[in-house]
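The values are calculated or read from the model by the stated rules, or taken from the named source; none is laboratory data. Being a predicted model, the structure only gives us computed values, none of them experimental. Every residue, glycine among them, receives a Cβ derived from its backbone with ideal geometry; neighbour counts consider all protein chains shown. The area values use the complete protein model at the heavy-atom level, side chains included, leaving out ligands, DNA and RNA. Shrake-Rupley method; radii C 1.70, N 1.55, O 1.52, S 1.80 Å.
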Amino acid sequence: MESKTDDAEQKEENISSPVMDRNPSPPPEEGDGQEAEDADAIGDTVYSKHWLFSTLTRLIHMVSELSEENPEAQVKLTDDDEEDLCKVWDMAMDKDVARFLQDFKAADILLGVISKSRCPRLTEICVGILGNIACFPDTCVTLSQKEDLCAVLLLLLGDADPPTLLETSRLLLTCLSHKDVCSLWIQRIRQQTSVCPNLCFIMSSSTNTDLLEKVGDLIDKLFDLDEELMKTWITDKPQDKRGDESDTPLDLTLCLLEAVKQLRSEKLNGIEIYLHIFQLITTVEEGCEIFAAPDGPGKAVWDFVCDVVCKDLCQQNDLEVALHEQKSTLVQAFAVLQALYRCQDQWKSRADPNIDLVWIVLRLCQHRSENKEAATDDQLQALFEITSEFLADLCIQIPKETVVDLVNKRYLTRETCLAAANSLLPSYKPSFQHLLAALSETDPKLADVMTTQFPD
C-alpha cells in the first residue's frame, strides 16, 4: 500500500495547524516544596504537568526540524524520544491525564504532528494517544467535534503501516462505541468514499492478524449500527486505485472471506466476528441476492464455513469441549450456513449436505435431548434452535444417497434418529416425514423405531 492516498496528501496540505507554529503555553509556576509538587501533579495522579508539557513541546520542535531537513524522507525516532512518547501514550489511559491533554489542546498538536510526520512509528504513537483520549465519553465528544482531525483519521485508513492502521481502526471503533458521537462518525464515514475500498484492500492483502481482527470489529460495528451503510457497501464495487492495477473492482464479501481465511490459519478465535458480519449481510434482501447469485460468493462462503465447523470447531470426539469453548462461534456459523443453504437454488453447484456436517447437527440435537440443564444457557438454546431449523431444511431436500451414507457410517443410529425427531416435532412435521420416508427405503428398522416412538 502507498504511505498515504492522494486525497490524504491533499488534505494535509489544506489543514492549518497553528499549534505547530508556536509552542503551547506552559502550566503556571507554583511555589516550592511539597506544595509545588502537588500543584504539578495531573489530577489525582503522580504524573507531572511540566514533564508532559516539555515532552509535547519537544515533539513539535522535532517534527518541524525533520520536515525542514528532508520533507519526503522517512525517518526514525530516537530511543529516548520513542520512550517518552510511549509514556505519554500509556499516561493517556488515565482519565485525569486524558482531560488534561484535552485542555492542553493535545489533539490539535497531534493533528499537526500526524500531518507532517514521515515516521510511521511516530504516527502510530500519536494515533494511539488519541485512541486512549477517546476512551472517555467527555473527551471523546470533544475530539469528535474536530472536523480536520476526524478527516485525517479516516484518510489514515489508506496508510501503508500496519501498526498505524491498527491504532486508527481501534480509535474509530472506540468513537463508534460512544452513543453521543457514533451517528456523527457514521455520517463522516458515509461521506468519505475512500473508507470502504481502503478497508477492502486491508482485508484482501494484509497478513497481520491483529489488524484483520480489529478491521473486522470495525466493520461489524458499522453494519450493526447502520443497515443502509451495509447495503451500500455490499452492493457497490469500490475501485482500488493503488499500484499498477488501477480501478480494480473490490467485492466486499470476497475481501471479508479472504480476511477470515487468513485469521483461521493463525488466530481461530478471531473468525467469530467475521461470521457475524456474514450473518448480518444475510439479514437484508440485497445480501441474500449477492449470496444467491450463480457467480456470487455464496458457495465459497458455504464451503469455508462448513470446513471450519467440521475441522476446527467440532472435531470427531470433542463436542462437549466445543460447546463449552466455541458455542458463540457455532451460533454464528450455523446461522450463516442456514441462510446460505436457503440461497443455493441458483448456484452452479448445489451445496449438498456434507456428511460430517449433518452428523454434527445430529449430535447437537442428541446433546440437547440428553442434557436438559442446557436449557438455562441462552447461547446453547440459541444454538439448538438454529440447528433444529437447519436440520429441518436439510431433511426436506436430503438425497437418498446421503441417508444411505449416514446409516452406513453409523451417524444415523437409534439415538440420533430419536433426537432428530424430538428436534423436528411438532414444528417441522414435513421435514420429519421426509426423513422417515427416506429411512423407510434405506433402513426400515430405524424407520420402525421412529414410528413406534412417534405414532402420530
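Going through the stretch 178-219 one residue at a time, which ones are among the aromatic types (Phe, Trp, Tyr) and farther than 18 Å from LEU143 by Cβ?
Step one: of the stretch 178-219, the residues among the aromatic types (Phe, Trp, Tyr) are 185, 201.
Within the stretch 178-219, just PHE201 meets the criteria.
Does THR164 satisfy the criteria of being over 14 Å from LEU101 (Cβ atoms), buried (at least 24 other Cβ atoms within 10 Å of the Cβ) and at pLDDT 95 or above? Write out each step before concluding.
Working: over 14 Å from LEU101 (Cβ atoms): yes; buried (at least 24 other Cβ atoms within 10 Å of the Cβ): yes; at pLDDT 95 or above: yes.
Considered against the rule, which asks whether it is over 14 Å from LEU101 (Cβ atoms), buried (at least 24 other Cβ atoms within 10 Å of the Cβ) and at pLDDT 95 or above, THR164 comes out as yes.
Quick check on this structure: which one of CYS150, CYS119, CYS86 is open to solvent by less than 20 Å² (accessible area, probe 1.4 Å), farther than 22 Å from CYS175 by Cβ and under 30 Å from the mean Cα position of the chain (by Cα)?
Values: CYS150 fails: farther than 22 Å from CYS175 by Cβ; CYS86 fails: open to solvent by less than 20 Å² (accessible area, probe 1.4 Å).
Checking each option against the conditions leaves just CYS119.
Please state which of the following conditions ILE133 fails to meet, knowing it meets all the rest: (1) surrounded by fewer than 18 Cβ atoms within 10 Å (Cβ to Cβ); (2) in contact with a Leu (Cβ under 9 Å, 6 or more places away or on another chain).
Every condition holds for ILE133 apart from (1).
Spot the failing condition for ILE60; the list is (1) over 25 Å from SER183 (Cβ atoms); (2) modelled with pLDDT of 90 or more; (3) open to solvent by less than 60 Å² (accessible area, probe 1.4 Å), and only one is missed.
Result: ILE60 fails condition (2) only.
Of the residues that sit in the stretch 195-234 and are touching a helix residue (DSSP H, G or I) at 6+ places or on another chain (Cβ under 7 Å) and of a type in the set (S, T, N, Q), which one is surrounded by the fewest Cβ atoms within 10 Å (Cβ to Cβ)? Spell out how you get there, then give the answer.
We begin by selecting, within the stretch 195-234, every residue touching a helix residue (DSSP H, G or I) at 6+ places or on another chain (Cβ under 7 Å); these are 195-196, 198-200, 202-204, 206-226, 229-231, 233-234.
Among the residues that remain, those that are also of a type in the set (S, T, N, Q) are: 198, 204, 206-209.
Numbers: ASN198: 27, SER204: 19, SER206: 19, THR207: 10, ASN208: 16, THR209: 16.
Applying the filter and picking the extreme gives THR207.
Could we say that CYS140 is in contact with a Pro (Cβ under 8 Å, 6 or more places away or on another chain), crowded, with 19+ Cβ neighbours inside 10 Å and within 28 Å of GLU228 (Cβ to Cβ) here?
On the way: in contact with a Pro (Cβ under 8 Å, 6 or more places away or on another chain): no; crowded, with 19+ Cβ neighbours inside 10 Å: yes; within 28 Å of GLU228 (Cβ to Cβ): yes.
In short, no.
Determine the pairs where a residue that is more than 15 Å from ALA335 (Cβ to Cβ), located within the stretch 286-309, has a partner that is basic (Lys, Arg) with Cβ atoms under 6 Å apart, the partner being 6 or more residues away or on another chain.
GLU286/LYS231; PRO294/LYS348
For the stretch 359-381, which positions are farther than 16 Å from THR413 by Cβ and hydrophobic (A, V, I, L, M, F, W, C)?
ALA374, ALA375, LEU380
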